[in-house]
Amino acid sequence: MIHQEELALIEQLKQGDETAFRTLVEQYQDLVYNTALGIVQNESDAEDVAQEVFIQVYRSIGSFKSVAKLSTWIYRITTTRSLDLLRARKSKKRFGLLKRLWETEQESPVENISDFNHPGVSLERKEEAAQLMAAIAQLSKNQKVAFVLHKLEGLSYLDIAEVMRISLPAVESLIHRARLNLRKILAKKIAAP
């Protein structure tokens, strides 16, 4: 259920109120950045996604229907933008690989997750977090989104179902499969010499 303050904010945003937009950014910037960071796993990319999200919110607020919570709509935009960036990155890597094959260079693409730095991870646990994030990067798109929204952002299964526009049992299944897959991936890393 949407609160009166949120309805008032939405109405002010629809009227183009700049103060309301600043309030929106202040309220949701951590949510957007942390969600994007959990999915794209790169600080610079997460910042880019966050900017794109707020631009889209600003441009699309007129079409926002107050049926869902504003945060749900913003999570949905954030996950979509984050996944778009990953698709674009993957496409770019494929093109780069093909280009290298034609040029007969022997370089291989390098995945750089070692510099992963999530705001919720303490300094002592950075290496473990980097391994976990590398494992999360290997999950399917939907498993990754559901897992990040639940474990990193603390959303309930019901909220995730609303954000992803899927059923509650589908969310439960995605998170269950994500956990199983992460265990397998991490077990392989531990077993490797």
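Here are a few things to note about the model shown:
- Count Lys and Arg as plus one, Asp and Glu as minus one, and take only other residues whose Cβ is under 11 Å from that of LEU168; the net charge is then -3.
- As a rough footprinting exposure proxy, the listed residues ASP159, ASP17 were ranked by other beta carbons within 10 Å of their own, and the order from fewest upward is ASP17, ASP159.
- Label zone at ALA88, where the point sits 7 Å out along the Cα-to-Cβ direction: the stretch 51-69 residues whose backbone N lies under 13 Å: 51-53, 56
- Separation of the stretch 139-169 from the stretch 6-38 is 21 Å, based on Cα centroids.
- Between SER167 and HIS3, the distance separating the two model label sites (each 7 Å from Cα on the Cα→Cβ line) works out to 3.3 nm.
- Flagged links, alpha-carbon separation over 26 Å, of LYS69/LYS90; LYS69/LYS144; LYS90/LYS188; LYS69/LYS184: LYS69/LYS90; LYS69/LYS184
- Proximal charge balance of LYS69 [Cβ under 13 Å; K/R count +1, D/E count -1]: -2
- In plain terms, the residue of HIS150, HIS176 with the fewest other Cβ atoms within 10 Å comes first and the most crowded comes last, giving HIS176, HIS150.
- Put in order of Cβ neighbour count within 10 Å, fewest first, the listed residues ILE39, ILE61, ILE55 become ILE55, ILE61, ILE39.
Read-outs: derived from the displayed coordinates by stated rules, not from any lab. Computed from a prediction, not measured in an experiment: that's the story for all the values here. Methodologically, a virtual Cβ is constructed for each residue, glycine included, from the backbone with ideal geometry; neighbour enumeration extends over all protein chains shown.
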